[in-house]
Every structure is written in structure tokens, then in C-alpha cells.
Amino acid sequence: MRMSGAVMAEATGGHWRGGVPAEVVGAVIDHRKLRRGNAFIALRGPNHDGHRFAAEIAARAGALVGERRYAEAWRGLPAPQLLVEDSYRALIDLATRHRASCGVQRVIAVVGSQGKSTVRRMIAHLLAMDDRRVAQTEGNLNNLIGTPLTLLAIGAGCDDAVVECGISERGEMAKLAAMVQPDVVVVPGLSLAHSAGLVDLATIVREKGVMVAAARTACFAGAGVAALLARHGVVCGGGLHAAEEATSVQWVLDGERLRLRHGGEQAELDLRCPAAHLAADMALAATVARHLQPRWSLAAIADRLAEWRPMAGRMRLLPGVGGSRVIDDCYNANPASMQAALDTLRALPGRRIAILGDMGELGDAAAAAHRRLDLDGIDRLLLIGAQMAQVAAERGDGQGFATLDAALPEVMRLAATLNEGDTVLVKGSRMMRLEQVVALLQADSGERDHAL
């Protein structure tokens with residue numbers, strides 16, 4: 001973000017005290033991340049108040065943005081102060097203004113119930129070909145606080161910005177859409193997720209469809225998404241490219257070999273983790289790249305996808321103890337992504353072991369969603385958490401543990417029995433902290449040299 005003090009005041013409806021800066025470069029909400037000349041936007045919440053930290057960083061800040069109620073506490077601080085009614089609203093207003101004026105050629109919004117982070121990273125990876133400049137959401141900054149920070153970080157001369165947008169309550173997507181102003185929208189999948197706040201699938205489709213309707217030029221939909229959008233009356237703001245149609249890249253996964261086809265072109269690449277849903281995500285990302293950069297060949301896109309690697313906790317294949325393999329998919333889980341991971345494990349050769357944690361934020365649908373998982377064909381099941389332990393008790397063929405701490409001794413005993421040919425899937429919602437399980441199952445440095 002590069003913005004004059006005058007524009008900042010106009011965007012937020014605030015007024016300056018202590019001078020009007022000619023230009024402010026960058027904005028942060030965490031005082032520990034402030035660099036000299038940045039604006040510090042002081043947010044307050046039920047358990048924190050950024051206004052308390054302004055005095056620590058005022059001498060280095062290009063500006064302080066805070067609420068008028070704190071004006072007296074900030075009096076005399078050595079930085080220009082933009083006083084507003086609501087600092088959270090000011091964050092959104094500044095992001096909206098920057099999005100409209102930063103000069104980025106295209107903003108691609110990625111929404112949906114599963115696959116958002118993976119597809120967002122794939123698209124950004126592809127669009128960065130030929131030394132193009134691409135901004136994207138960092139980490140999990142995809143909500144009503146993270147998204148404005150993502151937008152404010154779009155630099156001058158950026159060709160594309162790939163912005164991941166997630167919601168957990170009704171009405172949030174409308175706020176995100178107004179900020180993001182998407183040229184293109186990508187929806188990898190729609191299913192039951194965050195149903196504690198979004199109630200049911202119909203509500204999920206309509207809420208996420210708000211961003212779809214805001215697309216200026218095109219919408220790209222994963223398998224089954226177009227039918228769901230149509231069923232619930234969501235109309236794309238631009239041309240719709242459904243995964244099932246000839247306008248999209250088609251795919252076939254044969255073992256670890258992924259074959260892509262579009263028009264008269266074909267290309268192939270190997271998947272280290274041969275998961276059908278990863279193959280579908282790659283085809284969707286390739287579809288987006290092909291339409292946005294039609295001069296790129298499918299072969300060039302496939303070569304670029306072959307270089308892509310998943311982030312920690314998202315279907316990442318790791319060397320395990322005893323020559324085994326570990327599928328680290330513990331970053332998050334909902335019923336669709338959990339079933340996709342189980343299907344991937346079931347299709348692999350050798351002994352198949354699943355260590356699964358509870359899926360969170362499902363509200364009243366939680367018990368039924370856990371029971372509906374297809375766990376057949378897995379050689380050994382360790383099920384962790386209140387919901388998963390109940391599934392184990394009802395099935396009678398898995399070990400159930402109410403807590404992670406209760407499960408860890410059994411995980412260590414399992415690790416001692418693992419051999420070459422064994423594959424262990426570790427998956428659950430973030431709250432389950434299953435990265436501890438992954439750490440116990442990973443090979444040490446000596447073993448890693450000979451694995452995978």
C-alpha cells in the first residue's frame with residue numbers, strides 16, 4: 001500500500017491529528033511486524049486491544065490509525081494519528097480503496113468449502129510464469145481481517161492477485177466481495193463445512209455464491225459446483241466454465257501419472273501423492289491459467305505444475321519411520337476433504353493406516369457427518385476426539401481416544417511397527433493438533449535420505 005494521508009482520511013471518514021503524512025507505505029495490525037514508515041491500524045477485540053501498543057512503535061510509524069475514544073491516551077505520541085469511529089471499519093475502507101486504485105491487472109478470488117488454499121497456491125504458481133508478478137494470500141489470512149491485509153499488500157506493478165476468501169458466518173462473503181471486487185472467481189468445491197455458523201448446504205452455496213455473482217469476467221467451477229450454483233439460483237457475474245465442460249481442462253489419473261487434455265493438446269506429469277482430488281485441483285488451476293493466458297501451452301502448464309509442492313498439513317507426502325510413508329493432511333478437515341483423503345489412502349498399495357481427528361465447526365450436523373465417513377478398506381484406524389471415538393465405539397474395528405494425549409502412547413507403539421510399504425494418513429481439524437502425530441511418525445534425517 002502506498003497512500004497519501006489525504007486519501008486515507010477520505011477513504012475512512014477520519015481526521016488527522018499531528019499532521020497529514022504525504023505518503024504512507026504499508027499497513028500492519030500487529031505492532032511486532034511494523035516497519036519504519038508503516039501505518040499501524042489498532043484493532044480491538046474481546047481479548048486484545050491494539051491501541052495499547054501504539055506508544056511502543058509511534059516513533060517508527062508512518063501513521064497511527066485508531067478510534068476517537070482513544071484520542072486522549074494517544075495525545076502527544078510522535079506520529080500522525082488518523083482518528084476514526086471504528087478502526088476495523090477503517091481497515092476495510094483502506095483495503096477497498098487500495099484494491100480499486102493499486103493498478104493490479106486482475107484479482108482472482110478463490111472461494112469454496114475445500115481446496116481453497118491448494119488451488120489458490122497452484123493458480124499463483126502458474127500465473128507467475130514468464131516472470132509475471134503475482135500477489136497472493138499468505139498463510140490463512142483469508143477472513144474479514146486477513147483479506148484486507150492481503151489486499152493492502154498488493155504492490156505497484158502487480159500483474160495478478162490471487163485472494164483466498166473464507167467465511168464462517170452468514171453475511172461475511174458480501175463484505176469480502178465488496179472489498180475484493182473480483183475479476184475472476186474460482187470455486188474448487190462446495191460441501192458441508194462451517195455448518196455451525198452456516199447451518200446447511202443450501203446456505204453455504206448461497207453465501208459463497210455472493211462472490212460468484214460479483215465476478216466481473218469469469219467463474220471457474222470444480223466438479224459438481226456449477227450444478228449446485230444453478231440449483232440454488234446463483235448466477236455467475238461473468239462466463240461460467242464448469243469442470244465437466246469442454247472449455248475446462250480434463251484429467252485422468254493412472255497411478256501416479258496425471259494426464260491432462262484440453263482441446264487438441266495433451267500433457268502429462270507425475271503426482272508424488274496420487275490423490276484424485278489433487279488431480280482435480282490441478283486441472284482446475286490449469287483451466288484458469290489456460291483461459292487467462294491463452295498463449296501458454298498445456299505442456300508448459302503441466303511442467304510448471306510438476307514443480308508445485310503442497311504446504312505442510314495439506315496432502316504432503318513425507319518419509320516415515322521404518323521406510324513407511326506419511327500423508328500429512330492435518331491442517332484442517334471437513335467431511336468432503338476427509339473422505340477424499342480416505343479415498344486416496346484406500347487406493348494405495350500396502351498396509352493402509354488412518355489416524356483421524358474430529359472435524360470441527362459442524363454444529364448439529366457433527367455426529368451424523370462423522371458417522372457417514374466411509375472407513376472401510378483401511379487396515380488400521382486410530383480415531384481421536386469425542387466424535388471420532390464415538391465412531392470407533394459404534395464400528396468396533398478401530399481404536400478410539402477421547403483426546404490427543406490419550407492417543408499419543410498408541411501412536412508411538414504404532415511407529416515402532418511401521419515398515420516399507422506402509423502408508424499412514426494423518427488428518428483432522430486444526431483444533432486437534434495432529435501435527436504432533438506427524439512429528440512422531442516422520443523418519444529421522446538418516447532415514448529420509450533413502451525414502452521417497
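The values are calculated or read from the model by the stated rules, or taken from the named source; none is laboratory data. These numbers come from a predicted model, not from an experiment. Cβ sites come from the backbone with ideal geometry, for glycine too, and all protein chains shown count toward neighbours. Remember, those area values only see protein heavy atoms, side chains included, never the ligands or the DNA or RNA. Shrake-Rupley method; radii C 1.70, N 1.55, O 1.52, S 1.80 Å.
Okay, residues lined up against (1) among the β-branched types (Val, Ile, Thr); (2) in a loop (DSSP other than H, G, I, E, B); (3) open to solvent by 10 Å² or more (accessible area, probe 1.4 Å):
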| site | (1), (2), (3) |
| --- | --- |
| Gln114 | no, yes, yes |
| Arg121 | no, no, yes |
| Ala124 | no, no, no |
| Leu151 | no, no, no |
| Gly155 | no, yes, yes |
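The condition (being more than 30 Å from Ala369 (Cβ to Cβ), open to solvent by 40 Å² or more (accessible area, probe 1.4 Å) and either within 16 Å of the chain's Cα centre (by Cα) or not β-branched (Val, Ile, Thr) (or both)) is satisfied by just one residue among Ala213, Ala178: Ala178.
Across the range 44-59, the qualifying residues are those that are assigned to a loop (DSSP other than H, G, I, E, B) and either acidic (Asp, Glu) or farther than 15 Å from Leu83 by Cα (or both), and the one among them that is most open to solvent (accessible area, probe 1.4 Å) is Asn47. When the helices (runs of 4 or more DSSP H) confined to the range 171-265 are screened for residues that are modelled with pLDDT of 95 or more, those reaching at least 3 such residues are found at 172-180, 201-214, 225-231.
Contact annotation: residue pairs with Cβ atoms under 6 Å, 6 or more positions apart or on different chains, pairing a residue in the range 289-318 that is under 30 Å from Met338 (Cα atoms) with a partner that is aromatic (Phe, Trp, Tyr) and surrounded by 15 or more Cβ atoms within 10 Å (Cβ to Cβ), are Gly313/Tyr331; Arg314/Tyr331.
Table: residues versus (1) open to solvent by 10 Å² or more (accessible area, probe 1.4 Å); (2) among the acidic types (Asp, Glu); (3) in contact with a Phe, Trp or Tyr (Cβ under 8 Å, 6 or more places away or on another chain).
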| residue | (1), (2), (3) |
| --- | --- |
| Ala368 | yes, no, no |
| Ala386 | yes, no, no |
| Ala415 | yes, no, no |
| Glu420 | yes, yes, no |
| Val426 | no, no, no |
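Yes/no matrix, rows are residues, columns are (1) within 19 Å of Val210 (Cβ to Cβ); (2) under 16 Å from the mean Cα position of the chain (by Cα); (3) free of Cβ contacts under 8 Å to residues at least 12 places away in the same chain:
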position	(1), (2), (3)
Ser87	no, no, no
Thr96	yes, no, no
Val184	yes, no, no
Val187	yes, yes, no
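From Leu440, Leu381, Leu373, Leu408, which residue is in a loop (DSSP other than H, G, I, E, B), hydrophobic (A, V, I, L, M, F, W, C) and without any contact (Cβ under 8 Å) to a residue 40 or more places away in the chain? Give the steps one after another, and end with the answer.
Values: Leu440 fails: in a loop (DSSP other than H, G, I, E, B); Leu381 fails: in a loop (DSSP other than H, G, I, E, B); Leu408 fails: in a loop (DSSP other than H, G, I, E, B).
Testing whether each residue is in a loop (DSSP other than H, G, I, E, B), hydrophobic (A, V, I, L, M, F, W, C) and without any contact (Cβ under 8 Å) to a residue 40 or more places away in the chain leaves just Leu373.
The single condition among (1) in contact with a helix residue (DSSP H, G or I) (Cβ under 6 Å, 6 or more places away or on another chain); (2) open to solvent by less than 10 Å² (accessible area, probe 1.4 Å); (3) closer than 23 Å to Pro310 by Cα that Gly146 does not meet is (1).
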